[in-house]
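Only the coordinates and a few stated rules stand behind these numbers; no lab work does. Keep in mind that this is a model prediction, so the values were computed, not measured. In this analysis, Cβ positions are derived from the backbone assuming ideal geometry, glycine residues included, and neighbour counts consider all displayed protein chains.
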Amino acid sequence: MTKALIRLFIRDADKTKYARVREQYGVLSGAVGLACNVFLFLLKLTIGFLTGSISIAADAFNNLSDGLSCLISIVGFKVAGKAPDAKHPFGYGRTEYIAGLIVAFIIVLVGFEFLKTSADRIIHPEPVAFSGVLLAILAVSMLVKLWMGAFNSSIGRRIESPVLLAAGQDSRNDVITTLVVVLGMVAGRFTTLPVDGYVGVLVALFILWAGVGSCATRLRRCSVRRRTRRSRITSRKLCANPIILSAYMI
Ligand SMILES: [Zn+2]
C-alpha cells in the first residue's frame, strides 16, 4: 500500500535529494496521517460516548492531537521546499515553528484537562457500558496505527527525515496506549475498582508527555537554527573572498 501511494502521488520518487520531491513525500505522509487520525478520533469519540468511558475519549483526543501535528508537519515540509527570498532571507521556518509551538501547547492543555477529568472519575466512578463489538472495533483501530507507524517509518527512512521517523515511533506508542485502554475495559468487567479512571489518567499522562516532548524539541531546534543562521553569514563572508569558491557546513 505504501508503494502504491508513492507511485500514485509522487513524481520522480527516486530523486529523494531534490527539495521538490522531499516536499511531496512530506505532504503525502502528512495528509495520510491527518486523514487516518481524524478517522480514528471520530471513531473513538463515538465509542467513548456510547460506552461512557473517559479512557476511550482521552485516547480519541490523543489521535486528534496527532492529526494536528500532521497538519504542522505538512506546513513544515511546504516551508522547507520554499526558497528564501529577498523579504525572507532565512526562509519561512518561523511560520512552522510558531504554529508547532501553539499546537504543542494545545496538546499539553488537552492532557491536563483529561488528567483532571480522569482523576475525578477515580473519586466519583461512573458506570461504563461494556460492549464486545465496540472493543473489537477499538482493537482493529490498533491495526490502523500499526500500519501508520510502518508507513511513516518507511518514508522517513527514504527521505531521511527525523520528523517522520519520530511520527512512526509515536504511532507505535499509540498502539500500546489503545491496547492499555482495551485491557482496562476488559479488566473493568471483573472488578469494582474504577479502572476506567485509572487508565484515563495513564492516557492523559501519555498525551502530556507527547505534548511536553514536542515543545522541547521545537525549542531545541530553534537554537540549532539560530546557529546555522550565524554560520550562513560566516560562509557568505568567506565566499566574498575570491580565493574561496564555496563554503558548506560551517
Ligand atoms: Zn500519537
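So is Asp12 in contact with a helix residue (DSSP H, G or I) (Cβ under 8 Å, 6 or more places away or on another chain), among the acidic types (Asp, Glu) and farther than 20 Å from Leu143 by Cβ or not?
yes
Yes/no matrix, rows are residues, columns are (1) touching a residue at least 12 places away in the same chain (Cβ under 8 Å); (2) more than 15 Å from the ligand (Cβ to nearest atom); (3) surrounded by 14 or more Cβ atoms within 10 Å (Cβ to Cβ); (4) not hydrophobic (A, V, I, L, M, F, W, C):
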site: Phe130; (1), (2), (3), (4): yes, yes, no, no
site: Leu143; (1), (2), (3), (4): no, yes, no, no
site: Leu165; (1), (2), (3), (4): yes, no, yes, no
site: Gly184; (1), (2), (3), (4): yes, yes, yes, yes
site: Leu202; (1), (2), (3), (4): yes, no, yes, no
site: Gly211; (1), (2), (3), (4): yes, no, yes, yes
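Determine if the range 23-31 includes at least one residue that is in a helix (DSSP H, G or I) and within 16 Å of the ligand (Cβ to nearest atom).
Yes.
For every residue, the table says whether it meets (1) free of Cβ contacts under 8 Å to residues at least 60 places away in the same chain; (2) farther than 21 Å from Asn152 by Cβ; (3) within 16 Å of the ligand (Cβ to nearest atom).
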position: Ala35; (1), (2), (3): yes, no, yes
position: Lys44; (1), (2), (3): no, no, yes
position: Leu50; (1), (2), (3): no, yes, no
position: Ser53; (1), (2), (3): no, yes, no
position: Cys70; (1), (2), (3): no, no, yes
position: Ala80; (1), (2), (3): no, no, no
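Is it the case that Glu160 is at positive phi, exposed (fewer than 14 other Cβ atoms within 10 Å of the Cβ) and among the acidic types (Asp, Glu)?
yes
Any residue at all in the range 85-104 that's touching a residue at least 40 places away in the same chain (Cβ under 8 Å), surrounded by 15 or more Cβ atoms within 10 Å (Cβ to Cβ) and under 22 Å from Thr177 (Cα atoms)?
Yes, that holds for at least one residue.
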